[in-house]
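The values are calculated or read from the model by the stated rules, or taken from the named source; none is laboratory data. Values in this document were obtained by computation on a predicted structure and should not be read as measured data. Every residue, glycine among them, receives a Cβ derived from its backbone with ideal geometry; neighbour counts consider all protein chains shown. For the accessible areas, the whole protein counts, side chains as well, though only heavy atoms, and no ligand, DNA or RNA atoms are used. Shrake-Rupley method; radii C 1.70, N 1.55, O 1.52, S 1.80 Å.
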Amino acid sequence: MAEDKTITNWHSETKGSGAPSFIWLHGWGQDLTAFSRLSDILAATGTHQLFDQPGFGKTPIITKDDGTRDYADKLATLLEGSGPHIFVGHSFGVRVSIQLAANHPHLVKAIVGIAGAGLKRKRSLGFRAKAKLIRLWGQMTKRLDRLFGTRMRDQFESRFGSADYRNAGDLRTTFVKVVNEDLSNEAKTVTCPTCLIYGEHDTETPPEFGQRYQTMMKDAEFHQLAGYDHWDILTRGAYQCEAVIKRFLKSKDLL
């Protein structure tokens with residue numbers, strides 16, 4: 001397991017120059033290239049530092065059981081003495097940005113959250129009952145495997161585990177911790193200007209997440225972009241995101 005000294009080894013790339021300073025944090029399973037198109041479009045607006053978060057791209061895992069608070073704390077250590085910065089996050093990157101704003105507000109001038117995760121979905125009673133039965137089944141497979149040397153857990157994960165869970169490798173503990181987080185309490189402490197952008201057809205982080213975040217945060221605005229999902233909002237939707245982001249930054253005298 002790597003030591004905390006690896007916080008100095010977060011891989012990043014920089015575009016542009018001058019003020020303001022932007023920090024870009026990608027989503028789960030991606031790397032800094034996820035922002036290639038949008039960051040290129042915005043490159044003339046300041047200095048843009050795009051990070052590979054630990055365990056992704058060229059940045060090594062720091063510890064195998066980190067949650068988003070751990071990611072935020074370690075990035076805060078790396079950034080201490082600089083900023084404040086405008087954080088641009090996608091999905092998982094928005095989780096980390098919210099943790100930074102909640103726990104290290106002196107580093108955060110504003111947040112641009114695209115397809116931000118971190119809230120619990122609103123589920124029906126029937127769905128919750130089914131999910132509970134599946135969790136109990138999963139716990140039972142672990143016990144049976146220990147008792148009888150079977151591989152029922154592997155079969156269970158193959159059937160019910162998400163692709164992100166199956167592909168998480170050494171980050172599996174982190175993944176489980178992250179998807180079970182609810183950042184409602186952290187969001188309620190965020191006071192910096194926040195721009196929440198969601199795709200109309202996003203099924204991973206539905207637009208209602210952004211609407212809920214808006215009600216929790218002191219100074220937040222919500223935008224829903226028609227025709228985009230969780231992923232293509234960063235590519236096909238890049239120019240639409242740019243227009244929203246620039247209007248937001250100018251309205252807050254940040255650009």
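Among residues other than residue 255 with Cβ under 14 Å from its Cβ, the summed charge is +3 (Lys and Arg +1, Asp and Glu -1). Each residue of the range 184-191 was assigned a 3J(HN,Hα) from its phi angle through the Karplus curve 6.51 cos²θ - 1.76 cosθ + 1.60 (θ = phi - 60°); the sequence is 4, 5, 5, 4, 5, 9, 6, 10 Hz, with glycine and proline shown as x. Solvent exposure of residue 239, expressed as accessible area, is near 120 Å², computed with a probe of 1.4 Å over the protein chains only. Taking the protein heavy atoms of the range 209-250 in the context of the full set of protein chains, the accessible area attributed to carbon and sulfur is 49 percent at 1.4 Å.
Residue by residue, the range 173-179 carries 3J(HN,Hα) couplings of 4, 4, 4, 4, 5, 5, 5 Hz when phi is fed to the Karplus relation 6.51 cos²θ - 1.76 cosθ + 1.60 (θ = phi - 60°); x denotes Gly or Pro. In this structure the amide hydrogen of residue 112, modeled in the peptide plane, comes within under 5 Å of the amide hydrogens of 87, 88, 89, 195, none closer than 5 places in sequence on its chain.
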